[in-house]
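Right, one structure below, let's go through it.
The values are calculated or read from the model by the stated rules, or taken from the named source; none is laboratory data. This structure is a prediction, so every number in the text was calculated from the model and none was measured. All Cβ positions, glycine included, derive from the backbone under ideal geometry; neighbour counts span all protein chains shown.
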C-alpha cells in the first residue's frame with residue numbers, strides 16, 4: 001500500500017510540472033508528401049561574372065514561400081498519371097501536317113530526339129549532330145521502340161514537352177516553377193555561390209559529363225546517362241538533382257537579359273543535364289538558363305513541380 005501511495009504522489013507531481021509548462025511549439029509542414037517547403041526571401045538572381053550574357057541581371061528578386069518537389073518527377077509517377085488519364089505525350093503523337101506541311105506521311109511517325117555519342121575514333125563533328133530524330137522514342141522507350149523503362153521506375157521521366165509537363169501538373173494539383181522559384185530553391189540558401197553546394201566544382205556532387213563532350217565520358221561521377229533521382233547529395237534546402245541529371249522546365253518564357261526583355265515562344269529550362277561538360281554547355285549552375293521550344297522533348301529534359309503557399 002505504501003508503494004502505491006508513493007507512486008501516486010510521483011504521478012501527481014509530474015502532471016503538475018507539465019501543466020505549468022508553456023505550450024510546446026509544433027511545426028507543421030504545409031507541403032504535400034514528397035515536397036520541401038522553401039521559405040520566401042530576396043536573392044540576387046543570375047550571375048554577372050559567368051561569361052553568359054543571358055544570365056546577367058542587376059536586380060534582386062523576391063519570392064514568396066512555396067513547396068517544391070524533393071526529386072524530379074519519375075517514370076513511376078508519370079506512369080500513374082498516364083494510367084489515370086490515358087494521356088498521350090507529344091512524342092507519342094504523329095507530327096502534324098499543319099506544323100510540318102512538307103513532310104511525307106512516312107516521316108510523320110511519332111518520335112523524339114535521342115542523344116548518340118559519335119563513333120569511336122571520330123574527333124570532329126558538327127554542333128548538335130549528336131541529336132538524332134528517332135521514331136518510337138518517348139517516355140516509355142527513351143532510346144526508341146526496342147528500349148524500355150522497366151527497372152528504371154525511379155529514374156526521371158524524359159522526352160517530356162512543355163505541354164506534357166503542364167498536363168501532369170494540372171492532374172497533380174501543382175504547377176511548374178517560375179524561373180525565380182527554381183533558381184532560389186536550387187541555391188539552397190547559399191548567397192552568390194557558383195554551384196548548388198558551394199564555389200568549387202565536384203564530379204561527385206551531381207550527374208554531369210566528365211571528359212570531352214561528346215567524344216568520351218570518363219564516368220567519374222558513376223554514370224554515363226541519366227541517374228536515378230536522389231543519387232547525389234541534396235542541397236541546403238534538402239532538394240535533390242538541381243544540378244545535372246536532366247534539364248527541367250519552368251513556366252517562364254525566355255528572354256535575353258542583356259537586351260530589352262521580349263516574349264518569345266521559347267521557355268526557360270534550368271539545371272543542365274548529364275550531357276553538360278566544361279567544354280560544352282557548362283550550365284550545371286543555379287544561375288544558368290537555356291531556351292527550349294515547348295514542343296521539344298529529348299533524352300535529357302524532364303521536370304519537377306511546385307505548390308504555392310500564398
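Taking the criterion of being closer than 29 Å to residue 120 by Cβ, buried (at least 24 other Cβ atoms within 10 Å of the Cβ), touching a helix residue (DSSP H, G or I) at 6+ places or on another chain (Cβ under 9 Å) and in contact (Cβ under 8 Å) with a residue 12 or more places away in the chain, would at least one residue in the stretch 159-170 satisfy it? For the stretch 159-170, residues closer than 29 Å to residue 120 by Cβ, buried (at least 24 other Cβ atoms within 10 Å of the Cβ), touching a helix residue (DSSP H, G or I) at 6+ places or on another chain (Cβ under 9 Å) and in contact (Cβ under 8 Å) with a residue 12 or more places away in the chain: present.
Being assigned to a loop (DSSP other than H, G, I, E, B) and under 27 Å from residue 128 (Cα atoms) is a description that applies to residue 287. For residues that are surrounded by fewer than 20 Cβ atoms within 10 Å (Cβ to Cβ) and in a loop (DSSP other than H, G, I, E, B), tally how many sit in the stretch 175-201. Qualifying residue count for the region: 11.
The rows are residues; the columns are (1) in contact with a helix residue (DSSP H, G or I) (Cβ under 9 Å, 6 or more places away or on another chain); (2) at pLDDT 90 or above; (3) buried (at least 21 other Cβ atoms within 10 Å of the Cβ).
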site: 228; (1), (2), (3): no, yes, no
site: 244; (1), (2), (3): no, yes, yes
site: 259; (1), (2), (3): yes, no, no
site: 262; (1), (2), (3): no, no, no
site: 287; (1), (2), (3): yes, yes, yes
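In the stretch 141-151, the qualifying residues are those that are in a loop (DSSP other than H, G, I, E, B) and in contact (Cβ under 8 Å) with a residue 60 or more places away in the chain, and the one that is nearest to residue 213 (Cα to Cα) is 143.
Of everything in the stretch 37-70 that is in a loop (DSSP other than H, G, I, E, B), out of contact with any strand residue (DSSP E or B) (no Cβ under 8 Å at 6 or more places or on another chain) and in contact (Cβ under 8 Å) with a residue 12 or more places away in the chain, the residue that is nearest to residue 305 (Cα to Cα) is 39.
Here residue 236 fits the description: at pLDDT 95 or above, assigned to a loop (DSSP other than H, G, I, E, B) and out of contact with any strand residue (DSSP E or B) (no Cβ under 9 Å at 6 or more places or on another chain). The set of residues from the stretch 71-96 being over 17 Å from residue 166 (Cβ atoms), out of contact with any helix residue (DSSP H, G or I) (no Cβ under 8 Å at 6 or more places or on another chain) and part of a loop (DSSP other than H, G, I, E, B) comprises 71, 94, 96.
Yes/no per residue for (1) at pLDDT 90 or above; (2) part of a loop (DSSP other than H, G, I, E, B); (3) exposed (fewer than 10 other Cβ atoms within 10 Å of the Cβ); (4) out of contact with any helix residue (DSSP H, G or I) (no Cβ under 8 Å at 6 or more places or on another chain):
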residue	(1), (2), (3), (4)
102	no, yes, yes, yes
112	yes, no, no, no
117	yes, yes, no, yes
120	no, yes, yes, yes
124	no, yes, yes, yes
132	yes, no, no, yes
139	yes, yes, no, no
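For first residues located in the stretch 218-238 and within 16 Å of residue 275 (Cβ to Cβ), partners that are outside any loop (DSSP other than H, G, I, E, B) and lie 6+ apart or on another chain with Cβ distances below 6 Å form the pairs 221/207; 223/207; 227/207.
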